[in-house]
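K.L.:
Have a look at the structure that comes next, please.
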Amino acid sequence: MHPIRPPIPPKPRLPTAAGHNRDFRDSGISVSDDPSASTDSLRQPINTSDTSPATPTPGTPSAVRQLASRFESIALRLSSPTLQRATLGDSDGETPPPILRKPSTTMQKLQMTVGSSLAVGSKAKPHPILRPSAHDRTHISRRASAIAERIYDAVYESSDDDDDQTAPDYSTRNRYYSITLNREESSPVYDMIVEEDHIRKVISELIEKEQKYIETLDQGIRNYVPAMYAQTLPAALRGQRNVIFINLEEILRTHRDHLLPDLERAANLSSSPQASISSGQMAEKVAEVFLRYIESERFYCYVQFAMHQADSEALRLRFHDYFLKIQHDLDDRLGLNSLMLQPIQRLPRYKLLLNEMVKDLLKDDDGKRTMSRRTALLCKVDKRISMLIDRVNQAISVHDIRQCSGSQVATGSSLKHGSDVPLTLILQPEGNRNPVRDTPVNLLYQGKFQRLFAVDIYDTNVRRKYSGKLFVFEKLLLYVEIVRDRLEYRGHFNDNEVCYLEEGKNRLILYAGGRGMLEISVQFETSTELQPLVALVHTMTKSVIYDSVEVRVSSHIVESVEEEESLSQDVTNEADSWDEQKLTTSLVDAQQQFLEVLKANRSFYLDTLSMEVKTKLTTFIGAFEAIMELHRRILQDLSQPLMDPDRICQCFDRYLKTDVFDPYFDYLREFRKATKLIQHCQTPSNFNNRVAPTVKQFTFLCIEHLQEYSRYFNVLIVKYSENSTLNIPIDTELFQRLAYVLVHLNTYRNNLTLNYELFLIDEQAAGCGFVCYNERVAVSNPPNPADAGPCRLFLCERAAICVKVQDVAEHDQQEERFVRVLFVDRFQGRGAQMRLRKSKRALQRLNFLFEGQKFRIDFATAQDQSTFYSSYVNRYIMI
């Protein structure tokens, strides 16, 4: 039989945010065992000095009630200045605190838990008591009340499950907020109060505003577009529909037919309530929709709208009275001008709503070492939208160029009835040395607008430096000077003529044809600002060489250069296969275009040679043809049906382990003779834009192309590595094979490049065989003092070669350049004495003796010296 227990008091309530109303309601757990005490306390004034212990009713956990009431009293004293003064009187010793009975072991554990949560010692040393602020009183009151509720749940509700099945359920008392009890963490309980449906409300608001946005555009187009064909239309407005409305109808179709249905599917609005998803998953799917639209350039219509906004605004302002009359006739409260502002305001509103979801997800991530995948995805989309907004704002500046004009220059007098002026954006170049370059250019035919750079420009045409801006399109680079409040055209580069050269950390030289003819030097404040422009120009020139208009740079490539962030998108298997298939297709296209480049260079450099020179270069021409045949075979392998990264990895693994790449060795032995005998007075740009500009670059084409294969494997490895970091399942065996092939392919390409550079500076070096081993060394006290300093010591198949090197700053790092050969030690075989000696004075030194001359070679460490000496001896005895 259980002892008779008093009725369960009402559950405590959390104090509201309005902590200054002095509503001194207690938690419902009174010191006295009278059930009516909890209600009487609402009518009677609180007496904090009445601390006489009450006699507990048998079977009631008195210590728990006393402990809860003590914490509640703390909250009440701190929430009222009057009670604080009473507390000060108590602290002087007028009334001693009550002495609680020793609780049981369970009660001791409960008190320890409560004490750790409140972080207030029961025996604190006396110290000056400062009057807390209203915020602090509310803060402590919340904590004490929350602890009281925990005591209530632990003591009463846990025991009532067995004894009283009819007890009321207080767990769902609050509809919008809930208190989560976490016994393992010491964080305050009130911090776990989370609004449960805020993300859903934000997404619902997003879709609701999207629907209103579509309705506004649709209603505006139906109201004002027919007026452009009315009989009362002014003659100057005839055919100007595209100028006024730009691509507003395209924007409407994008949102109505594509974006809104995709957002509704992401929000799972069309599904049944049983198939609903969590708010976090819903936010993730919405973010994926926006990321897909941005990366696929579906929002480029806003960039087009911005480029023509100035013409539309000028024409609307000119005929303001006419459009105002139409507005009054239609009884339209919005008006045409407000309608045309809707697209400009739309993208920032997306950003605001996404920021709301990011804030909620960051609250869930609070205290974690790493950001969750879902939060990282929304942060990434937020960054992309910010960059898209910047791109739209930059596109407006195109009209600030004085020599740039829009479609309204074509008057409607010569138009047929019912026809409209097409959208154009004409640039009228002027002041070029070559009059041919003053031909008008339609900027809309120069590909997508990419970005605007504010830079300092030194222009060789005007021979001075000025502050300017660089507009980058897919097929055009346009640079202008900032003159007061306008922009003045100074020049442009087409994609099939532009060349670039990085000079230092923050300077880029752009030129066309020969150096000094059409050339500018672009300078940035930091190297970080330079890299996006380098990426754009590099992709522009590469697209021309491969004649691949479809594979042009898009804005998300530039964004990846600017932001050093971790890609944390949870990609589905379907999206993965799509990306891999696209990457594989790009590799096949690059291989096919490379063969076209080889054919064009052969026609320019080899087919035009005289018979005498062709006879001398018979071996080189044969090696070049073997290289072309090798890449035809690679193209045939890559073009097989159902090719995927796994099969491509197997192909290159076979190439590296067999003799497939052997034609490269024959090519290296013969190319030096071609650079000496091939001479052309004709400029390649006048012949074909696929042709390398110099003979040296022509002979290096086939080695440079190997980097395309390395880039393919590197992209896959980076992607798989990021998926693994995000706990997305990957094929571990494929990942390891890709890494293995990439390492060996890079090693092979680096060895070819090293041999190419060595053979290029010395024609006789090719007779010494290929490089087997090399070390960076320093030459001390050489016969010629100018030879002292850093060198590169090569161990070849039949000789040791020492090359003077020089460090040059390039791409924000030091690049090593070969200057000249210092000496060549050809192996004479076992019967002859070696010229290499170990130094008796320094462990890190080797000496080369040549007819009384000594070259002292200092290695970085004694281990490097020992390794080179052993390799030298092994090679020497093999002769």
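K.L.:
In the full protein assembly as shown, how much of S586 is accessible to a 1.4 Å probe, in Å² to the nearest 10?
P.N.:
40
K.L.:
Tell me, in nm to one decimal, what length is gained between K582 and A860 on full extension, where the rule is 0.36 nm per residue of separation less the Cα-Cα distance?
P.N.:
Separation in residues times 0.36 nm, less the Cα-Cα distance, equals 95.5 nm.
K.L.:
In whole Hz and in residue order, list the ³J(HN,Hα) couplings for segment 597-608 that follow from phi through the Karplus curve 6.51 cos²θ - 1.76 cosθ + 1.60, θ = phi - 60°; x for Gly and Pro.
P.N.:
Each residue of segment 597-608 in turn: 5, 4, 5, 5, 6, 5, 5, 7, 8, 9, 5, 8 Hz.
K.L.:
Treating only the Cβ of Lys, Arg, Asp and Glu as charged (+1, +1, -1, -1), what charge dipole size does segment 580-752 show about its Cα centre? Round to the nearest 20 debye.
P.N.:
It works out to roughly 660 debye.
K.L.:
Oh, and also: Dipole magnitude of segment 768-877 about its Cα centre, charges +1 at Lys/Arg Cβ and -1 at Asp/Glu Cβ only, in debye to the nearest 20?
P.N.:
About 740 debye.
K.L.:
OK, next. Between A799 and residues 5 or more places away or on another chain, which pairs have amide H atoms under 5 Å apart, with H built 1.01 Å from N, and which residues are they?
P.N.:
Long-range HN contacts for A799: F827.
K.L.:
Considering the options P783, V741, V695, tell which one lies farthest towards the positive end of the dipole of segment 676-784, charges being +1 on Lys and Arg and -1 on Asp and Glu at the Cβ, about the Cα centre.
P.N.:
V695
K.L.:
Also, quick follow-up: Describe numerically, in nm with one decimal, the distance between label points set 7 Å from Cα along Cα→Cβ at L353 and at M228.
P.N.:
Label at L353, label at M228, 2.8 nm between them.
K.L.:
Normalising by the residue count of segment 768-877, find the relative contact order in percent from Cα pairs under 8 Å and 6+ residues apart.
P.N.:
Contact order relative to length: 25 percent.
K.L.:
What part of the accessible area of segment 768-877, given as a whole %, is carbon or sulfur when the probe is 1.4 angstrom?
P.N.:
44
K.L.:
Past 26 Å, Cα to Cα: identify those pairs from K209/K719; K201/K363; K475/K676; K475/K599, in the order given.
P.N.:
K209/K719; K475/K676
K.L.:
Follow-up question, since we're still on this one. Full-extension gain between I877 and D329, please, as 0.36 nm times their residue separation minus the C-alpha to C-alpha distance.
P.N.:
My answer for the length gained is 187.1 nm.
K.L.:
Cα-Cα over 25 Å: which of K505/K673; K380/K582; K359/K469; K582/K696; K505/K582; K359/K582?
P.N.:
K505/K673; K359/K469; K582/K696; K505/K582; K359/K582
K.L.:
Determine, from the Cβ-Cβ distance of A786 and A809 and an R0 of 22 Å, the FRET efficiency 1/(1 + (r/R0)^6), rounded to the nearest 0.05.
P.N.:
So, using R0 = 22 Å, E works out to roughly 0.50.
K.L.:
For every other residue with a beta carbon closer than 10 angstrom to the beta carbon of Q304, add +1 if it is Lys or Arg and -1 if Asp or Glu, then tell me the sum.
P.N.:
0
K.L.:
For the pair E297 and K840, how long in nm is the line joining their label points, each one 7 Å along Cα→Cβ?
P.N.:
Spacing of the two 7 Å Cα→Cβ label points: 7.4 nm.
K.L.:
Could you work out how far the C-alpha centroid of segment 772-842 sits from that of segment 428-507, in angstrom?
P.N.:
Here the two parts' Cα centres lie 46 Å apart.
K.L.:
Take the alpha-carbon positions of segment 768-877, form their convex hull, and give its projected area averaged over all directions (one quarter of the hull surface) in nm².
P.N.:
That works out to 7.5 nm², a quarter of the Cα hull's surface.
K.L.:
Relative to the present Cα-Cα distance, how much length would full extension add between Q764 and E629 at 0.36 nm per residue of separation?
P.N.:
Fully extending the segment from Q764 to E629 adds 45.8 nm.
K.L.:
Follow-up. Can you order the peptides 740-749, 235-244 by their average number of other Cβ atoms within 10 Å per residue, highest first?
P.N.:
Per-residue mean Cβ counts within 10 Å order the peptides as 235-244, 740-749.
K.L.:
Can you compute the label reach from I482? Point 7 Å from Cα along the Cβ direction, backbone N cut-off under 16 Å, restricted to segment 509-525.
P.N.:
Within reach of a label on I482: 522-525.
The values are calculated or read from the model by the stated rules, or taken from the named source; none is laboratory data. No experiment lies behind these values; they were computed from the predicted model shown. Cβ coordinates were reconstructed from backbone atoms using ideal geometry, including for glycine residues, and neighbour counts include every protein chain displayed. The protein model used for the area step is the full one, side chains on, heavy atoms only, and it has no ligands, DNA or RNA in it. Shrake-Rupley method; radii C 1.70, N 1.55, O 1.52, S 1.80 Å.
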